[in-house]
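The values are calculated or read from the model by the stated rules, or taken from the named source; none is laboratory data. What you are looking at is a predicted structure, and each value in this text was computed from that prediction instead of being measured. No Cβ is skipped: glycine too gets one built from the backbone with ideal geometry, and neighbour counts run over all protein chains shown. Note: areas computed on protein heavy atoms with side chains; ligands, DNA, RNA excluded. Shrake-Rupley method; radii C 1.70, N 1.55, O 1.52, S 1.80 Å.
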Protein chains: 4
Amino acid sequence: MHKRLSWILTLVLVCIITSYAQDKPCPTASKFGPDDQIGNVNYITPAKTLAATKLVTTGKAYRLAIETNKDTPAYPPRTFAVTIVQPSQTAGGSLGPTKTTYNDDLIVGWAGVGTQLDGLGHIGIDGLYYNCNKAADFAMTDGLKKLGVEHVPAIATRGVLLDMAGYFNTDIVKEGTAFNRAEIEGAMKRQGIKSIEKGDVVLFYTGWLKLLGKDNKRFGSVAPGLGRDGAKFLASLEVAIIGSDTWSFEVIPFEKGAGVFEVHQILIPLNGIHILENVNTEEMVRDQAWEFLFTLGAARITGGVQSIVNPIAIK
Amino acid sequence: MHKRLSWILTLVLVCIITSYAQDKPCPTASKFGPDDQIGNVNYITPAKTLAATKLVTTGKAYRLAIETNKDTPAYPPRTFAVTIVQPSQTAGGSLGPTKTTYNDDLIVGWAGVGTQLDGLGHIGIDGLYYNCNKAADFAMTDGLKKLGVEHVPAIATRGVLLDMAGYFNTDIVKEGTAFNRAEIEGAMKRQGIKSIEKGDVVLFYTGWLKLLGKDNKRFGSVAPGLGRDGAKFLASLEVAIIGSDTWSFEVIPFEKGAGVFEVHQILIPLNGIHILENVNTEEMVRDQAWEFLFTLGAARITGGVQSIVNPIAIK
Amino acid sequence: MHKRLSWILTLVLVCIITSYAQDKPCPTASKFGPDDQIGNVNYITPAKTLAATKLVTTGKAYRLAIETNKDTPAYPPRTFAVTIVQPSQTAGGSLGPTKTTYNDDLIVGWAGVGTQLDGLGHIGIDGLYYNCNKAADFAMTDGLKKLGVEHVPAIATRGVLLDMAGYFNTDIVKEGTAFNRAEIEGAMKRQGIKSIEKGDVVLFYTGWLKLLGKDNKRFGSVAPGLGRDGAKFLASLEVAIIGSDTWSFEVIPFEKGAGVFEVHQILIPLNGIHILENVNTEEMVRDQAWEFLFTLGAARITGGVQSIVNPIAIK
Amino acid sequence: MHKRLSWILTLVLVCIITSYAQDKPCPTASKFGPDDQIGNVNYITPAKTLAATKLVTTGKAYRLAIETNKDTPAYPPRTFAVTIVQPSQTAGGSLGPTKTTYNDDLIVGWAGVGTQLDGLGHIGIDGLYYNCNKAADFAMTDGLKKLGVEHVPAIATRGVLLDMAGYFNTDIVKEGTAFNRAEIEGAMKRQGIKSIEKGDVVLFYTGWLKLLGKDNKRFGSVAPGLGRDGAKFLASLEVAIIGSDTWSFEVIPFEKGAGVFEVHQILIPLNGIHILENVNTEEMVRDQAWEFLFTLGAARITGGVQSIVNPIAIK
């Protein structure tokens, strides 16, 4: 089907690329220079981190991950399984005089199951990835040679939580609801959030995770989420990372006229902004924890595309 | 070999267990009650977290993980590999009008490769695990039914870094060097650290990671590390987590008369203290970042034993 | 539950083992000597093979495997998945002047999914496996050190197909129907099979595979199959391998008073007879191909327990 | 590098494709019709099989596979590992009154490690595979939708073994030695093989497996093997399958002017001839077993590209 793209659309894309090309080497060039692999995460300076720690008032720490297992709904053909083994202890054996026994675990699964960070090597535009990297040059079968998750630095910055369910006065925001500039600013106003700033992490709460385990089919096929103009708006504010409590992050069905995961394209390759999916902010909403210290350490799997993560928010 | 344990040793163990058994239901019973699955992490209260955020003075955030890949030395038979795929894009295809392309990654590996958190289900004493849990009751092949890493809450607490290389006035502390009460207190005094407190995370720096990639054989077969009395001393201080920059965490060769990974036994099943391995604190030592805010979010893999992690320290 | 075994049963087992022990070193000792790892497959001599080739009259070759994939019902927690990759061809690339492209496949799954050979290292009696091998001595986490499937020699011998559905005059033999000496001899008589001989492969047809994909729950939870006396009878005839068209091979629910997979125990550890499961003989029954040349080459995975196979029968 | 192909070579390819295109729908069209997925294996009729069984004179059966494990040299990034587990038997447990214990095995590896069958979906020409199938249409990440190994029928046919080491009067034929028509006919003459016939399996013996485990670097980087004209010659004889005792099957370094794995292209997509690699015929050469019954049953992994196999030859 994607082969039958009309030449008109191709032409439009070529025009976009051409217009971009006038002032930078390629449409995905980084403003941080040709060697950059981390995008807007560069904005998280010690000064930014220090300021973010001042947002902590109660000391309550929130675990933002959902669980990852074989039943976690995920984008096909992603699967996940853990196998527990007891090496060297066959038939009830143990090790040494204090009879040490142990369990180990073998993971077989896709890094895109559960709460996940989309690295800058995840999404491209016709093979062109962040900072002018072409898939054929870095996306090797045994690991990305650039843009892998091992490059993501320590994340500790200001987090802002937008309660879209509250904004729409509902428990679960309806699928297909796009969050664009008006909705973002409306939610900020309602919550008394004065600004979204350079280097921030912005999280959307939609209530969508309430469907998990109850209606996995609906949960995993559609979602409310960020729209194209909302993505461009947040990109203009130079945020570092944007997350949501849905599997798709962006609105599905896609907005009228939008490409397939075009919001991902706007953020990741075109603006160097990482994405977080399935971020569980339910308890934070209950506590009205709107501005907070956000920390994230992604397992440094060399050449990894995505990462199963568990961000920690501290209010 | 472990089958040929003399009955004397068994008798000793039985005696130990019996003596323990006098005042609690089993030697691994939790002081936090029969339902507890997280041990001393319970000590990390909002008040504790709030106080820890006050330790931040420069805002510099440290990424404490090493990289995990097929070449990372690991305890046999642990292995690790990542495979990059481009689903639905065979032969250069893309998706939709904006020609979306993407990489995904399939992980096949053991959770004990690289920087790792040892969950409370990792180590036992002859099949008896933390809080009186018996392996046969919870260590199922498709995932732990108790003590899995998905239960670990948000970690944000005071971190203390002990510079053992500095204490021993060397670059790399020699293998077999045990850190017991004298060495711990000596290092604290040298660094001006007044106390180790309930709910703290204590990290040892030995310089051992300098061997990684240079002498993997030495790196992965022996190490300096915590001794039995040091473990009991830190347990008496009720710390939450203890980590080191070695693969084994504890001293190897084991101390004279010690069991196989007996320090692990003292901490995990007997005291509910999590362990961190291969924690890279090189840069923190250079900055003399001795007391700091320590945060950790372990991927919530249901029933997982260990977790590949990337703790974030903020000074 | 298995911990609550009454001491009476244990006593009975001890008695059995003791009685066996009078004339051989252990109840699972091989009649082919202490180094034997292949059991009755030893009976397949060149003379036996040569005679079997004389059974070929039409030259029709039968593929006896069912397909193995993620939907194939299997004994929990067994799973299976294949992932197709195009290494070095990201974004539509190809290799060299003749533009070579290629697909590769990564298998992640248990060897006990689909048509499978149970190796002699698969089943034991309280940790005692074929030929006096104890699990603790050979069942290492990274592969069996004895009794692995890599030792199975080329199999080419006489095959005999017993049409139990025909014998019971039904399409699908009812679950729980045990095949013992009377049923085996009855089926032989009905089909005009004069003898079952040393080194033969005996296959049972029950029609059970007709349920596959139609009623997987029934298919994978119960089955008709060999009973204990039938197993002992065939063992007394010194057959090499016995197979069936069910997942369990033996009758389930187990016969009254029988142990869990006790028929497997009678055949594998006690008699050195390999087992085949999910062997599709539907077409052979239609052709009344009762006696034939049976060939089997199991992939030689070092230290493997079972093997996904595809035996070839030639009539 | 492959991106820098000169337009001349592309033009040549276009010309070849164009000339092919005059009499069939595409250069890889099957002579067995548009639905064909098995190529020359179609030539293996019952009559052919029956005739092949007449070649058996001694009844000696040969196991032609080498072992597959983590140390088996394989084309990068292929890897292989087996993990042994004892489900439901943690801490020495067993099942039921007869104390059943069991081992299971989890396979994680590429199907192209060890003795392997290259399915017709393995190799293409710029994305065009056997019988006009385009990669984008059938090579899905979760399994091939056409040309998968599950379609390969029972193989039982005449096998012919060409002793190239004998022909070159050496133990191990030197790398880069191409087997073309002259060498094939020379070896046949030397061995007294009168003909190679439609539906035959032809195996080359080079002695190359003598290097396995002794000089894996040489073993896995170069090899003697079939050349382009030899491939075309055997294709003209309408053989079903061709195999060798090397990892690459074809000669490496490639012949002067040859494409990357062009011999694979000539056989698989252009002629529907399956390939076997790492076929161990050492013992057959010792026995001078030149013409024999060849049988092969490949595990029927749905959508699999290659298959780890163990062909059985009977003389």
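The residues of the range B:258-293 that are at the interface with chain A (Cβ under 10 Å from one of its Cβ atoms), within 30 Å of A:N278 (Cβ to Cβ) and among the hydrophobic types (A, V, I, L, M, F, W, C), listed by number, are B:I268, B:L293.
Residue by residue through the range A:98-109, note down the ones that are open to solvent by less than 10 Å² (accessible area, probe 1.4 Å), part of a strand (DSSP E or B) and not β-branched (V, I, T). Within the range A:98-109, A:D104, A:D105, A:L106, A:G109 qualify.
For beta carbons closer than 6 Å, sequence separation of 6+ or different chains, a first residue in the range C:34-52 that is more than 13 Å from chain D (Cβ to nearest Cβ) and a second that is outside any loop (DSSP other than H, G, I, E, B) and open to solvent by 10 Å² or more (accessible area, probe 1.4 Å), the qualifying pairs are C:D36/C:N131; C:Q37/C:H151. D:F219 fulfils the conditions (1) open to solvent by less than 10 Å² (accessible area, probe 1.4 Å); (2) more than 30 Å from D:D71 (Cα to Cα); (3) not aliphatic (A, V, I, L, M) except for a single criterion, (2).
Counting the residues of the range C:99-115 that are facing chain D (nearest Cβ under 9 Å) and within 28 Å of C:V279 (Cα to Cα) gives 11.
Of the residues making up the range C:116-132, those that are crowded, with 24+ Cβ neighbours inside 10 Å and more than 7 Å from chain D (Cβ to nearest Cβ) are C:Q116, C:L117, C:D118, C:G119, C:L120, C:Y129, C:Y130, C:N131. Here D:V149, D:V160 are screened, and the one residue that is open to solvent by less than 10 Å² (accessible area, probe 1.4 Å) and within 25 Å of B:P87 (Cα to Cα) is D:V149.
Is it fair to say C:K174 is within 15 Å of C:D245 (Cβ to Cβ), out of contact with any Asp or Glu (no Cβ under 6 Å at 6 or more places or on another chain), open to solvent by 40 Å² or more (accessible area, probe 1.4 Å) and among the charged types (D, E, K, R)? In short, yes. Scoring A:L95 on the criteria (1) within 14 Å of chain D (Cβ to nearest Cβ); (2) in contact with a strand residue (DSSP E or B) (Cβ under 7 Å, 6 or more places away or on another chain); (3) within 24 Å of B:A111 (Cβ to Cβ); (4) aliphatic (A, V, I, L, M) leaves a single failure, condition (2). Being open to solvent by less than 10 Å² (accessible area, probe 1.4 Å), at pLDDT 95 or above and farther than 27 Å from C:G303 by Cβ: is that true of C:G93 here? So C:G93 does not fit the description; no. Listed by position, the helices (runs of 4 or more DSSP H) contained in the range C:225-315 that have at least 2 residues being surrounded by fewer than 24 Cβ atoms within 10 Å (Cβ to Cβ) and of a type in the set (D, E) are C:282-286. Regarding the range D:139-156, can at least one residue be identified that is in a strand (DSSP E or B), on the phi < 0 side of the Ramachandran plot and touching a Lys or Arg at 6+ places or on another chain (Cβ under 6 Å)? No, the range D:139-156 has no match at all. Just a yes or no: is a residue in the range A:180-198 modelled with pLDDT of 95 or more and assigned to a strand (DSSP E or B)? No, because not a single residue in the range A:180-198 is modelled with pLDDT of 95 or more and assigned to a strand (DSSP E or B). Do the conditions hold for D:G297, that is, is it within 12 Å of chain C (Cβ to nearest Cβ), more than 23 Å from D:R190 (Cβ to Cβ), of a type in the set (G, A, S) and touching an Asp or Glu at 6+ places or on another chain (Cβ under 8 Å)? Criteria not met by D:G297.
Across the range C:83-92, the number of residues qualifying as without any contact (Cβ under 8 Å) to a residue 12 or more places away in the chain and at the interface with chain B (Cβ under 9 Å from one of its Cβ atoms) comes to 3.
Within the range D:129-184, the set of residues being of a type in the set (G, A, S) and touching a strand residue (DSSP E or B) at 6+ places or on another chain (Cβ under 9 Å) comprises D:A135, D:A139, D:G143, D:G148, D:A154, D:A156, D:G159, D:A165, D:G166, D:G176, D:A178. For the range B:208-228, the criterion of being away from chain A (no Cβ under 14 Å), over 24 Å from A:G304 (Cβ atoms), within 14 Å of the chain's Cα centre (by Cα) and not aromatic (F, W, Y) is met by at least one residue. Scanning the range A:133-153 for residues that are closer than 20 Å to A:I308 by Cα, within 14 Å of chain D (Cβ to nearest Cβ) and either touching a residue at least 60 places away in the same chain (Cβ under 8 Å) or hydrophobic (A, V, I, L, M, F, W, C) (or both) yields A:A139, A:D142, A:G143, A:L144, A:K145. The condition of being touching a Leu at 6+ places or on another chain (Cβ under 6 Å), hydrophobic (A, V, I, L, M, F, W, C) and farther than 25 Å from A:T45 by Cβ does not hold for A:F261. Among the residues of the range D:24-45, those that are modelled with pLDDT of 95 or more, farther than 14 Å from D:G119 by Cβ, of a type outside the set (V, I, T) and outside any helix (DSSP H, G or I) comprise D:C26, D:P27, D:A29, D:S30, D:K31, D:F32, D:G33, D:P34, D:D35.
I'm trying to understand the selection: among the residues of the range A:65-82, which are in a strand (DSSP E or B), within 7 Å of another protein chain (Cβ to nearest Cβ) and open to solvent by 10 Å² or more (accessible area, probe 1.4 Å)?
If the condition is that a residue be in a strand (DSSP E or B), within 7 Å of another protein chain (Cβ to nearest Cβ) and open to solvent by 10 Å² or more (accessible area, probe 1.4 Å), then A:A81, A:V82 are the ones that fit.
Quick check: anything in the range B:167-175 hydrophobic (A, V, I, L, M, F, W, C), at pLDDT 95 or above and within 26 Å of B:S236 (Cβ to Cβ)? Scanning the range B:167-175 turns up at least one residue that is hydrophobic (A, V, I, L, M, F, W, C), at pLDDT 95 or above and within 26 Å of B:S236 (Cβ to Cβ).
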